[in-house]
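Worksheet: one structure, shown below.
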Amino acid sequence: MNEYQKLIAYLKIVYHNLTTLHRNLVKDTAWFANHKQIAKWYEDISDQIDDLTETGLALGYLEPGIKESVLAFSNECLSVQPRGPEESFRLIIGYFRTVSSMMQTAESSVPAPVANKLQEYEYHWNKEADFKLSSTIGEKSNHAEYDDD
């Protein structure tokens with residue numbers, strides 16, 4: 001798999017991990033809002049998987065299936081168990097930061113318009129991780145500078 005295909009494979013794992021966190025969020029005083037927010041994130045990831053996969057097909061890349069995704073990222077597959085909001089959000093921060101990093105890496109293997117779209121997605125996931133989620137759990141972001149290369 002090239003870097004672009006690895007990104008799509010990882011996004012498929014993140015999608016399933018977010019659905020797991022969504023269904024197993026417990027002991028959360030803001031459960032309704034957080035449950036809804038996690039659903040929004042996995043819907044956004046789903047939309048990006050669709051967009052990036054179709055773009056990849058147009059570029060001549062094969063879509064990585066779920067089997068290839070799990071084989072490539074088996075250590076990232078989340079077990080199903082109840083988790084509180086802080087643990088869930090820390091996991092999500094990690095996913096979003098990894099997604100952003102992989103998007104940046106994939107930029108070098110695609111035409112400029114696709115790289116620009118990846119940068120838009122990176123900006124979104126960095127903001128979610130480094131501002132919104134970090135603020136929610138009371139963690140100061142250590143990613144204050146956004147690299148747009």
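Tell me yes or no: at least one residue of the stretch 5-18 is touching a Gly at 6+ places or on another chain (Cβ under 9 Å), farther than 17 Å from LYS127 by Cα and surrounded by fewer than 18 Cβ atoms within 10 Å (Cβ to Cβ). No, the stretch 5-18 contains no residue that is touching a Gly at 6+ places or on another chain (Cβ under 9 Å), farther than 17 Å from LYS127 by Cα and surrounded by fewer than 18 Cβ atoms within 10 Å (Cβ to Cβ). Within the stretch 77-102, the set of residues being of a type in the set (D, E, K, R), surrounded by fewer than 20 Cβ atoms within 10 Å (Cβ to Cβ) and either touching a strand residue (DSSP E or B) at 6+ places or on another chain (Cβ under 7 Å) or touching a residue at least 40 places away in the same chain (Cβ under 8 Å) (or both) comprises GLU86, ARG90, ARG97. Looking across the stretch 103-123 at every residue that is of a type in the set (Gly, Ala, Ser) and surrounded by fewer than 15 Cβ atoms within 10 Å (Cβ to Cβ), the one that is farthest from the chain's Cα centre (by Cα) is identified as ALA112. In the stretch 115-135, the residues that are closer than 11 Å to GLY94 by Cα form Cβ pairs under 6 Å with partners that are assigned to a helix (DSSP H, G or I) and of a type in the set (Ser, Thr, Tyr), at six or more places apart or across chains, as follows: TRP125/SER100; ASN126/SER100.
Computed from the coordinates by the stated procedures, all read-outs in this text should not be read as laboratory data. For clarity, every value in this text was computed on a predicted model and none was experimentally measured. Reconstructed Cβ throughout: ideal geometry from the backbone, glycine too, with neighbour counts over all protein chains shown.
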